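Only the coordinates and a few stated rules stand behind these numbers; no lab work does. From a predicted model like this one, the values you see are computed outputs, not experimental measurements. When we count neighbours, we look across all protein chains shown, and the Cβ atoms used for this are built from the backbone with ideal geometry, even at glycine.
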Number of protein chains: 4
Amino acid sequence: MAPIRLGMVGGGKDAFIGGVHRIAARIDGQFDLVAGALSSTPERSAESGAALGLAPDRCYGNYEEMAEAEAARPDGIQAVSIVTPNHMHAGPAMAFLKRGIHVICDKPLTATMEQAEELAEVIRAAKALFILTHNYTGYPMIRQAREMVAAGDLGTIRVVQVEYPQDWLTVAAEETGTNKQAEWRTDPARSGAGGSIGDIGTHAHNLACFVTGLQVETLAADLQSFVPGRRVDDNAHILLRFEGGARGMLWSSQVAPGNENGLRLRVYGETGGLEWAQEDPNYLWFTPFGQPKRLLTRAGAGAIGAANDVSRTPGGHPEGYLEGFANIYTGAAAAIRAAEAGEEPDLSLLPGLEAGLNGMRFIAAAIRSSQSDAAWVAL
Amino acid sequence: MAPIRLGMVGGGKDAFIGGVHRIAARIDGQFDLVAGALSSTPERSAESGAALGLAPDRCYGNYEEMAEAEAARPDGIQAVSIVTPNHMHAGPAMAFLKRGIHVICDKPLTATMEQAEELAEVIRAAKALFILTHNYTGYPMIRQAREMVAAGDLGTIRVVQVEYPQDWLTVAAEETGTNKQAEWRTDPARSGAGGSIGDIGTHAHNLACFVTGLQVETLAADLQSFVPGRRVDDNAHILLRFEGGARGMLWSSQVAPGNENGLRLRVYGETGGLEWAQEDPNYLWFTPFGQPKRLLTRAGAGAIGAANDVSRTPGGHPEGYLEGFANIYTGAAAAIRAAEAGEEPDLSLLPGLEAGLNGMRFIAAAIRSSQSDAAWVAL
Amino acid sequence: MAPIRLGMVGGGKDAFIGGVHRIAARIDGQFDLVAGALSSTPERSAESGAALGLAPDRCYGNYEEMAEAEAARPDGIQAVSIVTPNHMHAGPAMAFLKRGIHVICDKPLTATMEQAEELAEVIRAAKALFILTHNYTGYPMIRQAREMVAAGDLGTIRVVQVEYPQDWLTVAAEETGTNKQAEWRTDPARSGAGGSIGDIGTHAHNLACFVTGLQVETLAADLQSFVPGRRVDDNAHILLRFEGGARGMLWSSQVAPGNENGLRLRVYGETGGLEWAQEDPNYLWFTPFGQPKRLLTRAGAGAIGAANDVSRTPGGHPEGYLEGFANIYTGAAAAIRAAEAGEEPDLSLLPGLEAGLNGMRFIAAAIRSSQSDAAWVAL
Amino acid sequence: MAPIRLGMVGGGKDAFIGGVHRIAARIDGQFDLVAGALSSTPERSAESGAALGLAPDRCYGNYEEMAEAEAARPDGIQAVSIVTPNHMHAGPAMAFLKRGIHVICDKPLTATMEQAEELAEVIRAAKALFILTHNYTGYPMIRQAREMVAAGDLGTIRVVQVEYPQDWLTVAAEETGTNKQAEWRTDPARSGAGGSIGDIGTHAHNLACFVTGLQVETLAADLQSFVPGRRVDDNAHILLRFEGGARGMLWSSQVAPGNENGLRLRVYGETGGLEWAQEDPNYLWFTPFGQPKRLLTRAGAGAIGAANDVSRTPGGHPEGYLEGFANIYTGAAAAIRAAEAGEEPDLSLLPGLEAGLNGMRFIAAAIRSSQSDAAWVAL
């Protein structure tokens, strides 16, 4: 099958996540990057495009120009990846969706709720698909965890402990003048009002909901900015109440030395538990009450279809972050191909608008709660 | 040096913690158990005493009788261990303290705040010592963690994550008629108003304070009783605010399948972090920001005096729960010997009245907060 | 830069390693698969090629035909991946090398020493490059380990413990009629005389040499075939003596239940040690004598250039088997580009003919030693 | 029940293992230390005895004197612990056994085979019991492993991997003049001809046999002394052939930086495997072929009688080295009480003469093999 023609907005020099999206798009050979508005100036965009082997006439100075030109080409892009800072998600997403080009957008949905709502209307009206890269849901053992919960292997869920500690903002990296990632991610104008909760807390929230199949109804949040001068939260402690009575805790932090990317989920039900850690993603602990703990391994003994379907290598041949991310892309490819064939795309495992809006509500609720001294706030 | 003559109140058949106290008292040869009121009836007390090799005339039917008789003997006990259910701590403790007999008491201090205050007065007035077995503070690597924090190895503390999950009350074990532990620990009349927060949450709270040297000022607690019919909390989610600005989370649970005795502490400061887990107590992770993680081992490379002082074996020869518990007893022995010699006992590392009252305040505040829908409550 | 035009011999339906090579070639966008002789019959080759999106006229019925045709095309392949069973490495490799097409060949070099020597002559005479995918040397932390040893961080090496246990041949999978992998890998005619030692023992041997920079001089091997009827070894216990006096042990097994792909290397020198496990490849333990153990993480604190150069994601975003394999491909791409530009390719980190011959000598010596009741045999 | 009156030979100041024996004897309250010949001079023996609270008239200047005097007392010792260097095991053991006093002796049996044979005769003729503290067999999960193998949970055993790396002799600690342990353990006159193989290799060998129930028939050993000037081996690489066809490897080392006391056993059979590590002794991995790995925990889910019988605390309350050691002592106490009551003592789980002789044969065979360039030698 011919690869899907892909464009990219953002992801030029100094970007982190753009390169990740490109590899993820490439791993299974489902996409071919052919166009881009990679940087905020035409010169740098052309330079970045050349480095990536794009044809000069498909390196655009801005996304509007790109959307218009590509939509007009017979061989124009079928889908676009949006990997800009958060405040620059909505604009390009709407521009491409309106022209029938599928959008794969980095999370969170937008920087503000207003942008989110504006974008939501366009997404709902569009024929093209909108996929949000809550990439951690692409990990095979997370897919398996979700399926096990759904199958009742844990009984009714009672307790959900989710955390996402990092340490890279332990010091004021945004003030060194050399760390563009730190700069925009701690700038409310570009990142949105959430700091750690927007950048990583939304991943934690999304993962908890994805695996349990439950929505958070209310939360009580205590946000902190530990580093002097920091304009957004760099640590968040949040109590969660889920529909149906489950309770949880969510911790996100960017000031916890020794934690690189410590997303970790633990779910406990009436009859068993599950534990998973992103840094060791090929393992899933299953702890049926009263029985020995079992270490399930990706594509190994105890792995089920939900995990095997998105595995490339046998057990013991570890897959990682990029493969998990690629599973979102490859799922998106299947959905795009179905949509283009006039079939109903299977979006059941793909994060999209609803996940995005939930994430925005989570950020807004956390901030509102924290401003009210950790009062309970509905999402 | 001759062993200290020790008595015990509680700890007969069906008890769990009594046997632990006896081993802990024995490991370093500092105590000799010579008397007891081990059960609530004279017959069973005598039976239990005989099994332990006590002389028949020193097996008492109740603690009052025992206190009076032992105080009158020239070879009477010098110290007594109180290992009864919580509501039976204050009475015996006061009876012995008033007679000049040192008390080593299981935690929490009492079942109610009223009992605690009454006991506190007696303790303050007594010449005899009062030691509370917050035994987890006896672990060598916990002592080391405390000393490293005090030495500034982590900088100012920002974040404290402490948790204590278990799974043994996942089902209604208190209703089977065969589990005495479950019965009294879920009975407010015997255990106090706190369930998981009193039984294990106090350990978590105590450990966090012991290691950081900080007190919790306010907390917001969301307590649950997941098992139908249970009369006390079996899961607690608590936000913590420490003096000086540090923030934390505390999770205690007895309904988390797969967790046997999962006390775990993580402390993060401006320049580094520490992580410790009770089930693997010979290890302490030290994570100075920007440097590789270091795995410090008890009595091994990187261990310092605070840990070595309470180690019996070289690195790689694991010590466990009983040795940690014994460190409290052996510390108590040194303090008792000093007190009896008219010297000032070193109580700096021994939990006592203050730790006990803090624990009671913690329980009360958690319950009050939870009743107010997780409002902030001062300890 | 335009991708290198790549062909593939082998790797059709039912193959395992062919798919791995294709992903590895794709991850960094350095290769474009455009031709193949994917199966042993023209029909199945065409079918497999179509599934991969190859043009029909570039799906060949056999490698000779393919080599001739591709060499004649102006847009013919620049490099070819050989992913056939071992006895089918030498033929295609020679056919392409003789036509100036670079070869990336799966390990071991060949099935027999005779084939190896014949191939070696052609490789030595060829202008085209020959790369052998001892893929585990592509892991970032293995590159780091090698550099640390070379830098003297461990002092003179004394002890090397390397092992590679698996469990997939615990039962006679080759007799079920449904497991083609098991069939050819236990068939001396296709796999060569070595079973576990050829399939995985050579990886272990190669890794030990790669990291330490030392060659094995002599070995004493005790090979077993535990599964009744098995025609090759499925477990090997080998003593190693390295040049310069280091000693080691090598264990390979395919009958060790619970081990999926447990390649593990431990190296100890006069002043420190290193430990690495393939199933958790983002970690490297560094144990300087007398100091706390340090857990070095890929692209994290303590990572050095040798690892960072072949990393795509920051610390805590795990890379896995496919990325490690891709590092061989991407290194090969750089070497091929240099060679085609008339420059000297940097082959210092790329396994090639020498590694391949060493592997063949290792297999032969192990078999010879085992036949002599574990007598010492020089490689 | 009254404690057994215990004496000790060796174990004065600067000793390591004497203190361990004393704690092990004390933990379960089964022994009371009342006499000793603790050091090699009367003065130091008296000084060490006083520090331990022994009566002055029961601190002896040498073991002969002690044996004679204690045998003559009506309240004389019933058993004696021998914790001297290896060359001083046989003399005291024979002196006490001949007088009907039970002997608990540290391993290995003796320093030389001649001593071993002389001692064996006395043991065989004695009415008193002889227990050898191969203490690692006292660990609960080792007892469980043995029972699981015996019950056929693994099927016929095929492969046994056992190792015991340490690092404390990485440098020439015996030459510093301050390390008495290093001095005698590297002195053939006191330790015997084996270095690492005698000190720790015998533990590894014993553990492999204890768990599998199999004897080693032949071995091929490659011993090294890496540290210049060292008079005994400090690293040993050994191939094992067990009765019935199982094969194994044994590695002992005292020059492997980062390894504190890394005894580790892995056993693989036709249908499953077991893995255990001494430094984390409360865990036992059970890996039935084709099923998820199971982590069995001491006194937790999956623990069986063999482990529970020698556990003091519930799952998650870790027991360690001292408790494992105490299980030997407490087993010895039961056997001694049975013997004194004229009953048949249960020695099925207690190492004694046979284990000791096997250990001596292992040492001798390893040395002989290594001197013959790793030729196969029968035990």
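Can you give the angle from 0 to 90° between the axis of helix C:140-150 and the longest principal axis of chain C, with both taken from C-alpha atoms, to the nearest 10? In chain C, helix C:140-150 runs at an angle near 50 degrees to the longest axis. Only Lys, Arg, Asp and Glu carry charge here, each on its Cβ (+1 for the first two, -1 for the last two); on that basis chain D has a dipole of about 480 debye about its Cα centre. Based on Cα contacts under 8 Å between residues 6+ apart, chain C shows a relative contact order of 19 percent. Rounded to the nearest 5, the antiparallel percentage of DSSP beta bridges internal to the protein assembly as shown is 60%.
Shape analysis of the range B:4-128 based on the Cα gyration tensor places the equivalent ellipsoid semi-axes at 21, 16, 14 Å, largest first. How far, in degrees from 0 to 90, does helix C:17-27 lean away from the longest principal axis of the Cα atoms of chain C, to the nearest 10? Approximately 90 degrees, to the nearest 10. Annotation note: trypsin sites (Lys or Arg not before Pro) in the range A:111-187 located in DSSP loop regions with a Cβ neighbour count of at most 13 within 10 Å are A:Lys127. Ordering B:Thr297, B:Asn261, B:Met249 by the projection of their Cα atoms onto the charge dipole of the range B:222-331, which places +1 on the Cβ of Lys and Arg and -1 on the Cβ of Asp and Glu, puts B:Met249 at the extreme positive end. Taking a straight line from the alpha carbon of B:Lys127, these lysines sit under 30 Å away, with near neighbours fewer than eight places off in the same chain left out: B:Lys98, B:Lys107. For the range A:252-309 versus the range B:125-192, the spacing of their alpha-carbon centroids is 26 Å.
Placing +1 on the Cβ of every Lys and Arg and -1 on the Cβ of every Asp and Glu, with nothing else charged, gives the protein assembly as shown a dipole about its Cα centre of roughly 0 debye. When the alpha carbon gyration tensor of the protein assembly as shown is reduced to an equivalent ellipsoid, the three semi-axes, largest first, read 57, 44, 25 Å. Rounded to the nearest 10 degrees, the inclination of helix D:63-72 to the longest alpha-carbon principal axis of chain D is 70 degrees. Mean per-residue shielding of peptide B:223-231 is 2, counting Cβ atoms of other chains within 10 Å of each Cβ.
Using a 7 Å projection from Cα along Cα-to-Cβ, the label point at D:Glu340 is separated from the same position in the remaining copies by 2.8, 8.8, 8.8 nm, smallest value first.
Remark: mean inter-chain Cβ contacts per residue of D:18-27 equal 3, using a 10 Å Cβ-Cβ cutoff to other protein chain atoms. Taking the DSSP beta bridges with both ends in chain D, the antiparallel portion is around 60 percent. With the simple model of a label 7 Å out from the Cα in the direction of the Cβ, D:Thr41 to A:Arg124 spans 9.5 nm.
If you run the Gaussian network model on chain D, springs between alpha carbon atoms under 10 Å, then out of D:Asp28, D:Asp75, D:Asp234 the most flexible one is D:Asp75. Considering only the Cα atoms of chain D, their convex hull presents on average a projected area of 18.6 nm². Judged by the mean number of other Cβ atoms found within 10 Å, the most tightly packed of the peptides A:346-354, D:128-136 leads the ranking D:128-136, A:346-354.
Relative to the other identical copies, A:Gly100 shows label-point distances of 4.7, 10.0, 10.7 nm, where the label point lies 7 Å from Cα along the Cβ direction and values run shortest first. Taking 18 Å as the straight-line reach from the Cα of B:Lys293, the lysines in range (excluding those fewer than 8 positions away in the same chain) are C:Lys293.
With Cα atoms as the point set, the radius of gyration and Dmax of the range A:136-221 evaluate to 16.5, 51 Å.
Cβ-to-Cβ counts within 10 Å put B:Thr112, D:Thr202, C:Thr297, C:Thr176 in ascending order as C:Thr176, B:Thr112, C:Thr297, D:Thr202, the fewest first. Please list, ordered by chain and number, the residues whose modelled amide H lies under 5 Å from the amide H of B:Cys105; skip anything fewer than 5 residues away on the same chain. Excluding prolines and chain starts, which carry no amide H, the hits are B:Ile82, B:Ile131, B:Leu132, B:Thr133.
Considering only A:Ala37, A:Ala126, A:Met88, and ranking their Cα positions along the charge dipole of the range A:4-128 that arises from unit charges at the beta-carbon of Lys, Arg, Asp and Glu, the one farthest toward the positive end is A:Ala126. For D:Ala189, inter-copy separations between label points set 7 Å beyond Cα along the Cβ vector come to 6.8, 7.5, 8.4 nm, shortest first.
Take each residue of peptide B:279-288, count the partner chain Cβ atoms within 10 Å of its Cβ, and average: the result is 4. Its Cα centre serving as origin, the range B:1-153 has a Cβ charge dipole (Lys and Arg +1, Asp and Glu -1) of approximately 320 debye. Closest approach to the axis carrying D onto B, counted by Cβ on chain D and given in whole Å with its residue, is D:Gly320, 2.
Straight-line cross-link reach from A:Lys13 at under 19 Å between alpha-carbon atoms covers these lysines, not counting any fewer than eight positions away in the same chain: A:Lys180.
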